[in-house]
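Worksheet: the structure to be examined is printed underneath.
Since every read-out is calculated from the coordinates, none of them should be taken as a lab result. Since the structure is predicted, the reported quantities are computational estimates derived from the model, not experimental observations. Backbone-built Cβ (ideal geometry, glycine too); neighbour counts: all protein chains shown.
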Amino acid sequence: METILKNEKGFALALMMALLPILIGLILVTFAIVSFVQIDLKLHQICRSESLKGQEAVAPLLKSLLALNPLALKLKLELIQAKAQAVSGNPAALARLAQVEAKVLKLITQQQQLIKQSNLLLLKAHTSNQIKLWNEKDQTLRTIPLFKSELQVLSSKVPTLAVRPDSIDRPPTYSPAENFSNRQALEQRWQYRLSITKPLQPFLTGNYVFEKSCAVTLKEENSKWFPQMKRDRSLSKSH
């Protein structure tokens, strides 16, 4: 009986010793995964914060641009009438035409200023986002243990205010462009490349690539425009 107990204890100890490297490996992998998730959450937070601020600044400009549409329609009609009356060559009619054309030019200038200012704000938010994400590169390399890691901020298109003129007539009226949500979105994409270091190679092999993104657009509610998060995209692959 004593011999059987000794054999069982010896078997249990041998089994524990055999499983110990696996358990240690699992613990190390879990720790690395938790570190990776924390970094990714931080990058998403940076992206969302900068993009939300950018769209919040653009929202009132978009509202102001669309609010000029009634005036544009009014001046368009006045311009048609003034041109028709000016055909006679009457000095008063010509003066009236010049007056209406000045108002039209002023409105067009105002519209273009709103669009230009919006585009500059979107560019500023996009650039700020890129810089802040890149600044996390070195920290990312230091923070994920047991992996050789690389963070790359991928290029993404800088959006412009997603509006379109409704006609070629002067002054134009504007409306949200087709597929507004996607065209207006401030989007950032980044990619992790992770390869296994020697301590983990007995338990895990391969190189892993994770591509992440976040995007913020604008949404209209009750004649007001608000920033809205778009669904984040994620892609992973190993080789």
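Charged neighbours of L107, selected by a Cβ distance under 13 Å, balance to +2 (K, R count +1; D, E count -1). Segment A67..V87, full-extension length gain: 4.0 nm, with 0.36 nm per residue of separation and the alpha-carbon distance subtracted.
With a Förster radius of 45 Å applied to the beta-carbon distance between T127 and L77, the computed FRET efficiency rounds to 0.60. Close amide-amide hydrogen proximity is noted between R164 and S175, A177, each under 5 Å apart and 5 or more residues distant or on a separate chain (H modeled in the peptide plane; Pro and chain starts excluded). Let me check I've understood the local charge: for L122, count other residues with C-beta under 14 angstrom from its C-beta, Lys and Arg +1, Asp and Glu -1. What total comes out? That sum, taken over residues with Cβ under 14 Å, equals +2. Residues of segment 41-85 falling in the label zone of S223, defined by backbone nitrogen less than 18 Å from a point 7 Å along Cα to beta-carbon, are 59-74.
Taking the centroid of alpha carbons for each part, segment 56-71 and segment 167-185 are 12 Å apart. Summing Lys and Arg as +1 and Asp and Glu as -1 over all other residues whose Cβ lies under 9 Å from the Cβ of L75 gives a net charge of +3.
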